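**Q** Below you'll find the structure I mean.
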Protein chains: 2
Amino acid sequence: MDRHIAPVPLDKAYRLINHGPTVLVSARHGGMDNVMAAAWNCALDFDPPKLMVVLDRETTTRGLIERSGTFALQVPTVAQLALTHAVGTSHRATEADKLARSDVELFGIDGHDLPFVAGCSAWLACRLVPEPHNQDAHDLFIGMVTGAWADTRAFADGHWRFEHADPAWRSLHYIAGGHFYAIGEAMDAPAAE
Amino acid sequence: MDRHIAPVPLDKAYRLINHGPTVLVSARHGGMDNVMAAAWNCALDFDPPKLMVVLDRETTTRGLIERSGTFALQVPTVAQLALTHAVGTSHRATEADKLARSDVELFGIDGHDLPFVAGCSAWLACRLVPEPHNQDAHDLFIGMVTGAWADTRAFADGHWRFEHADPAWRSLHYIAGGHFYAIGEAMDAPAAE
């Protein structure tokens with residue numbers, strides 16, 4: 001594993017997605033790996049840490065998650081803009097070489113049988129919390145976070161470092177039609193009275 | 001209603017929150033209005049447009065929503081940083097003058113019996129889709145979007161205008177402990193092959 005990647009305490013894992021970035025969702029089952037993009041995700045609980053993500057029923061990744069019961073969420077960077085859009089607009093079902101064509105490089109983390117996307121700023125390993133109604137009626141998948149890591153050049157000591165890091169590390173926030181915004185300026189609210 | 005506020009077609013309403021901003025949630029019941037902040041929200045469906053938001057059971061706003069069956073989501077701006085943090089950290093139950101102390105000004109929109117927060121960049125009126133399991137087990141509330149509006153200085157013709165607007169219109173993305181990021185630079189992904 002890259003020497004810059006460090007574990008994030010599970011009680012701080014929500015901070016990795018609290019600012020609403022578009023994420024990459026990856027999964028593995030039966031010898032197949034896949035990766036998709038998902039703008040519709042957010043934290044769901046602090047303790048135990050849970051998150052949720054909307055996965056269209058057409059996606060290959062959803063099928064892998066339903067069968068394996070595990071998935072990873074990761075936070076892509078400005079340097080991965082083309083990769084993020086490519087995995088979000090191509091389909092494994094019709095393009096067997098989707099991952100290679102999207103320039104996705106995968107790596108492993110000990111103790112988690114999941115494909116993690118190299119070059120991201122943060123990673124969350126999740127165990128699916130099965131909820132048939134949410135999955136069937138809303139395409140909504142809930143994950144219990146079982147591990148979290150970040151690249152310390154982007155997130156360290158429990159805090160994002162966007163204001164200090166190379167701008168290539170900024171998170172991506174999707175709108176529509178290939179149009180994203182990068183995360184911007186840090187702001188501290190005045191202390192409450 | 002302010003002359004800058006224009007309706008947003010419901011099929012584009014998801015774009016108002018797709019980039020993951022922290023939102024203000026407001027509700028009205030029995031002569032009481034309240035407003036809270038919520039980082040944990042995202043779109044859930046395009047058609048009909050639905051969204052979801054996590055509302056702690058301690059909040060007064062949640063009780064108003066459970067009783068009225070309606071709520072509004074709105075997107076606060078950098079100009080509302082102090083307001084957003086104030087309504088997110090004070091409690092109506094113990095501070096009857098919470099809204100006044102937080103400098104919240106409310107306004108109405110014809111056809112929707114809801115308190116909308118003035119000065120935001122976008123507003124979504126929602127009808128609660130009752131789901132007792134999600135509400136009880138996950139504090140998760142699903143809304144059907146019944147109306148959407150934006151300030152045309154920040155969002156017009158179906159697109160955010162952050163790159164052209166005054167920086168005070170940027171959306172806020174909460175991390176923790178009073179620390180936010182504003183949304184940043186616009187980025188267009190290269191067209192897929």
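The values are calculated or read from the model by the stated rules, or taken from the named source; none is laboratory data. This is a predicted model, so every value here is computed, not measured. So basically every Cβ, Gly included, is an ideal-geometry build from the backbone, and we count neighbours across all protein chains shown.
**Q** So if I check each of A:116, A:71, A:107, which one is of a type in the set (Phe, Trp, Tyr) and more than 17 Å from residue A:7 (Cα to Cα)?
**A** After ruling out the rest, the residue left standing is A:71.
**Q** Among the hydrophobic types (A, V, I, L, M, F, W, C), in a helix (DSSP H, G or I) and touching a Phe, Trp or Tyr at 6+ places or on another chain (Cβ under 7 Å): does that describe residue A:81?
**A** yes
**Q** Right, next: Checking residue B:165 against (1) assigned to a loop (DSSP other than H, G, I, E, B); (2) at pLDDT 95 or above; (3) within 7 Å of chain A (Cβ to nearest Cβ): exactly one of these is not met. Which one?
**A** Answer for residue B:165: the failing condition is (3).
**Q** Hey, can you tell me all the residues within the range A:169-187 that are more than 26 Å from residue A:65 (Cα to Cα), more than 7 Å from every other protein chain (Cβ to nearest Cβ) and under 15 Å from the mean Cα position of the chain (by Cα)?
**A** A:169
**Q** Ok, one more. Which one of these is out of contact with any Leu (no Cβ under 8 Å at 6 or more places or on another chain) and modelled with pLDDT under 95: A:97, A:56?
**A** Just one listed residue meets the conditions, A:97.
**Q** Which of the residues that make up the range B:115-173 are of a type in the set (Phe, Trp, Tyr) and farther than 13 Å from residue B:17 by Cα?
**A** B:116, B:141, B:162, B:169
**Q** Quick one: in the range A:96-118, which of the residues that are without any contact (Cβ under 8 Å) to a residue 40 or more places away in the chain and hydrophobic (A, V, I, L, M, F, W, C) is farthest from residue A:61 (Cα to Cα)?
**A** A:100
**Q** State the number of residues belonging to the range B:124-168 that are more than 21 Å from residue B:66 (Cβ to Cβ) and either surrounded by fewer than 22 Cβ atoms within 10 Å (Cβ to Cβ) or touching a residue at least 60 places away in the same chain (Cβ under 8 Å) (or both).
**A** Of the residues in the range B:124-168, 20 are more than 21 Å from residue B:66 (Cβ to Cβ) and either surrounded by fewer than 22 Cβ atoms within 10 Å (Cβ to Cβ) or touching a residue at least 60 places away in the same chain (Cβ under 8 Å) (or both).
**Q** Name, by its number, the condition in (1) at the interface with chain B (Cβ under 10 Å from one of its Cβ atoms); (2) part of a loop (DSSP other than H, G, I, E, B); (3) surrounded by fewer than 17 Cβ atoms within 10 Å (Cβ to Cβ) that does not hold for residue A:96.
**A** Checking residue A:96 against (1) at the interface with chain B (Cβ under 10 Å from one of its Cβ atoms); (2) part of a loop (DSSP other than H, G, I, E, B); (3) surrounded by fewer than 17 Cβ atoms within 10 Å (Cβ to Cβ), the one that fails is (1).
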